[in-house]
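J.: What follows is a single structure, and I will ask about it in a moment.
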Amino acid sequence: MAIGVVTLLAAELGTSVAQPAGPSLVEQLSRDTEAIHALGVSGVQARVIASDGRQSVTTSGTADLNTGRPVPADGYFRMASTSKTLVATVVLQLEAEGRLSLNDTVDHWLPGVVRSNGNDGSQITIRQLLQHTSGIHDALPGYTTPEEYYQQRHNVYEPKQLLDLAMAHKPDFPPGEGWKYSNTGYVLLDMIIHKATGHPARHEIENRILRWLGLDQTRWMGTSPTLPQPHAQAYQLFGPGSRVDVTDQIPVDYANLSWVTTTRDENRFFRALLDGRLLPARQLAEMKQTVPVSAEVQKLWPGGRYGLGLVERPLSCGGIYWSHEGGDGGYITLNGVTDDGRRSAVVSMSEARGDTLDHIMEQENAASALIDHALCAGDRSTR
């Protein structure tokens, strides 16, 4: 399927310069989006913003396997776990205001909530929740077959139900003595934000981040199973001959994972975060204090480390970048921004090839390569 390419100029071009050797940024971006589509991913959209503000957007594949309509260059998708960076930013803003401490325990804010089977909220800190070092078991429900998808897609889980599922398990390790990704930890952070401010976390995100930055394409959908238009349909590959349109669903943790966004807004958010517009220098430095991730996650993020709701990854050209990918219900999104916040990239895929580890790794590696190429290109011409 043909690749759609749109180049947006956010700044006037200056005097002409000699073209560098090799493909331009937009040519490389086109190759990388097509490489992802060639794996079997139905639809791909990617956007890169250079340090001079110039934007390059490419699409590949189709937004709808039934109609063949093109992938929209500004299509909405579910933000999924990338919203953890929004939550972490609000927590650190509250810390900067003296309204909470990263060393506060869960029990300080939510007495008695984390109990049973060896779970002890008096021993777990906010910092550990943010960094996935709390040991709280990740127990979100999910579907692994088309039948389970159709049975579960409109289920609504309240935060207490999700916590009860986690509390039925023993901790994965004592607090602070390991690393394991825990969506449940961010359920607790949402509750702590509500307790500290008197408002649901989503309201704090809207008031403190989205309105401040003018991110009007990032929206909380609550228990709605739909997305705004335009968007590509989301597909899940469950196995050979079993590709299902999973667009129509309510995210399991609807309070925390019901955000939708666009590549434009996601780029703008990460750039603002890393260039210091959202956090004081001390809190941004805290966010960047990282620990090693588990061996299992290292396969997805080679050399990756986890900060406070932010992932550090190495660049092939030297240095590091910051990100937080998200994957939920067919939509898989990777992103990256340079340490100074000047260059950024987002790629959103509207199909999750999650049936085998090989397919997961192929999709992850191809998307990671796109981010790496875009950030390492620097200010190379988009023409």
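J.: Of all residues in the stretch 312-333 being among the hydrophobic types (A, V, I, L, M, F, W, C), more than 12 Å from residue 270 (Cα to Cα) and assigned to a strand (DSSP E or B), which is nearest to the chain's Cα centre (by Cα)? Outline the logic, then answer.
T.: Narrowing the stretch 312-333 to residues among the hydrophobic types (A, V, I, L, M, F, W, C): 315, 317, 320, 322, 332.
If we keep only those that are more than 12 Å from residue 270 (Cα to Cα) too, we end up with 315, 317, 320, 332.
Subsequent filtering for residues that are assigned to a strand (DSSP E or B) retains 320, 332.
On the way: 320: 18, 332: 8 Å.
Residue satisfying both the conditions and the ranking: 332.
J.: Still on this structure: Can you pull out the residues in the stretch 217-246 that are buried (at least 21 other Cβ atoms within 10 Å of the Cβ) and of a type in the set (Ser, Thr, Tyr)?
T.: Of everything in the stretch 217-246, those that are buried (at least 21 other Cβ atoms within 10 Å of the Cβ) and of a type in the set (Ser, Thr, Tyr) turn out to be 218, 235.
J.: Considering every residue within the stretch 311-324, establish whether at least one is of a type in the set (Gly, Ala, Ser), touching a Cys at 6+ places or on another chain (Cβ under 7 Å) and either touching a residue at least 12 places away in the same chain (Cβ under 8 Å) or surrounded by 19 or more Cβ atoms within 10 Å (Cβ to Cβ) (or both). Steps first, please.
T.: So the first thing to find is which residues in the stretch 311-324 are of a type in the set (Gly, Ala, Ser), and the list is 316, 318-319, 323.
Still in the running and touching a Cys at 6+ places or on another chain (Cβ under 7 Å): 316.
Those still in the list that are either touching a residue at least 12 places away in the same chain (Cβ under 8 Å) or surrounded by 19 or more Cβ atoms within 10 Å (Cβ to Cβ) (or both) too: 316.
There is at least one residue in the stretch 311-324 that is of a type in the set (Gly, Ala, Ser), touching a Cys at 6+ places or on another chain (Cβ under 7 Å) and either touching a residue at least 12 places away in the same chain (Cβ under 8 Å) or surrounded by 19 or more Cβ atoms within 10 Å (Cβ to Cβ) (or both).
J.: Could you look through the stretch 344-377, keep only residues that are among the β-branched types (Val, Ile, Thr) and farther than 28 Å from residue 275 by Cβ, and pick out the one that is nearest to the chain's Cα centre (by Cα)?
T.: Going through the stretch 344-377, the residues among the β-branched types (Val, Ile, Thr) turn out to be 346-347, 356, 360, 371.
So of that shortlist, the ones also farther than 28 Å from residue 275 by Cβ come out as 356, 360.
Numbers: 356: 21, 360: 16 Å.
Of everything passing the filter in the stretch 344-377, 360 is nearest to the chain's Cα centre (by Cα).
J.: Mind checking which residues of the stretch 210-245 are in contact with a helix residue (DSSP H, G or I) (Cβ under 6 Å, 6 or more places away or on another chain) and under 21 Å from residue 71 (Cβ atoms)?
T.: Result: 217, 218, 244.
J.: Taking the stated definitions as given, is residue 138 in a helix (DSSP H, G or I) and out of contact with any Pro (no Cβ under 9 Å at 6 or more places or on another chain)? Steps first, please.
T.: On the way: in a helix (DSSP H, G or I): no; out of contact with any Pro (no Cβ under 9 Å at 6 or more places or on another chain): yes.
Judged against the criteria, residue 138 is not a match.
J.: Of 54, 99, which residue is more than 30 Å from residue 236 (Cα to Cα), among the charged types (D, E, K, R), surrounded by fewer than 22 Cβ atoms within 10 Å (Cβ to Cβ) and in contact with a helix residue (DSSP H, G or I) (Cβ under 6 Å, 6 or more places away or on another chain)? If you could, list the steps in order and put the result at the bottom.
T.: Values: 54 fails: in contact with a helix residue (DSSP H, G or I) (Cβ under 6 Å, 6 or more places away or on another chain).
Matching residue, one of 54, 99: 99.
J.: Could I ask something else about it? Tell me, which residue of the stretch 266-283 that is more than 17 Å from the chain's Cα centre (by Cα) and in contact (Cβ under 8 Å) with a residue 12 or more places away in the chain is nearest to residue 185 (Cα to Cα)? Working first, answer last.
T.: Kept after step one, since they are more than 17 Å from the chain's Cα centre (by Cα), are these residues of the stretch 266-283: 275-283.
Next, from what is left, pick out any that are in contact (Cβ under 8 Å) with a residue 12 or more places away in the chain: 275-280, 282-283.
Values: 275: 27, 276: 26, 277: 26, 278: 23, 279: 22, 280: 24, 282: 23, 283: 20 Å.
Per the stated criteria, the residue is 283.
J.: While we're on this one: Please work out which residue is nearest to residue 330 (Cα to Cα), limiting yourself to the stretch 229-279 and to residues that are among the aromatic types (Phe, Trp, Tyr) and not in a helix (DSSP H, G or I). Let's see the steps before the verdict.
T.: Going through the stretch 229-279, the residues among the aromatic types (Phe, Trp, Tyr) turn out to be 235, 238, 254, 259, 269-270.
Still in the running and not in a helix (DSSP H, G or I): 235, 238, 259.
Values: 235: 5, 238: 11, 259: 14 Å.
The extreme case among them is 235.
J.: Where the second residue is in a strand (DSSP E or B) and the first is among the polar types (S, T, N, Q) and lies in the stretch 285-302, which pairs have Cβ atoms under 9 Å and are six or more apart or on separate chains?
T.: 290/305; 290/306; 290/311; 290/312; 298/292
J.: Next question, about the same structure. Can you name the residue in the stretch 139-152 that is buried (at least 16 other Cβ atoms within 10 Å of the Cβ) and touching a residue at least 12 places away in the same chain (Cβ under 8 Å) and, of all such residues, is nearest to the chain's Cα centre (by Cα)?
T.: Result: 140.
Any read-out appearing in this document is the output of simple, stated calculations on the displayed coordinates, not a laboratory observation. It should be emphasised that the depicted structure is a prediction, and the values quoted were computed from it without experimental measurement. Positions of Cβ are backbone-derived with ideal geometry, glycine not excepted, and every protein chain shown enters the neighbour counts.
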